[in-house]
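Notes follow once the structure below has been shown.
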């Protein structure tokens, strides 16, 4: 092979490589192209997703607040129950003491 044939062969190989690359680019662009209606649909779906995430976050916040309120109410109820039980024990003890004093005074 002389010098001219090598140059022509190299040029042909480069031209074929360019054509294959251009064709591959055209195919990829053709199959991945997004139409305007698809873009509108994607934007609408993104907006709905964003709104759904905000609603979820609000619901989570509400549930956390409600849980804190209910936990507080349960703690208060437990404290009131403990105080009531202590008062009942004290009242029973006093009633028993009065019965003993009454029985002692009678007998």
To test your reading of the geometry: what angle, between 0 and 90 degrees and rounded to tens, separates the Cα axis of helix 3-32 from the longest principal axis of the chain?
40
Can you tell me the orientation of helix 36-106 relative to the chain, as the angle in degrees between its alpha-carbon axis and the longest Cα principal axis, to the nearest 10?
10
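Counting each DSSP H run of 4 or more residues in the chain as -39500 (n - 2.57), what helix-only mean residue ellipticity at 222 nm follows after dividing by all residues, to the nearest 500 deg cm²/dmol?
Per the formula, -35500 deg cm²/dmol.
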For a quick check: sort 3, 44 by the number of other beta carbons within 10 angstrom, fewest at the front.
3, 44
So what's the Cα pair-distance distribution over the chain, bin width 5 Å, in %?
2, 9, 5, 7, 5, 5, 6, 5, 5, 5, 5, 4, 4, 4, 4, 3, 3, 3, 3, 2, 2, 2, 2, 1, 1, 1, 1, 0, 0
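Rule-based calculations on the coordinates, nothing more; no lab input. Everything numeric in this text was worked out from a predicted model, so none of it was measured. Because the Cβ atoms are built from the backbone with ideal geometry, glycine has one as well, and the counts that use them run over all protein chains shown.
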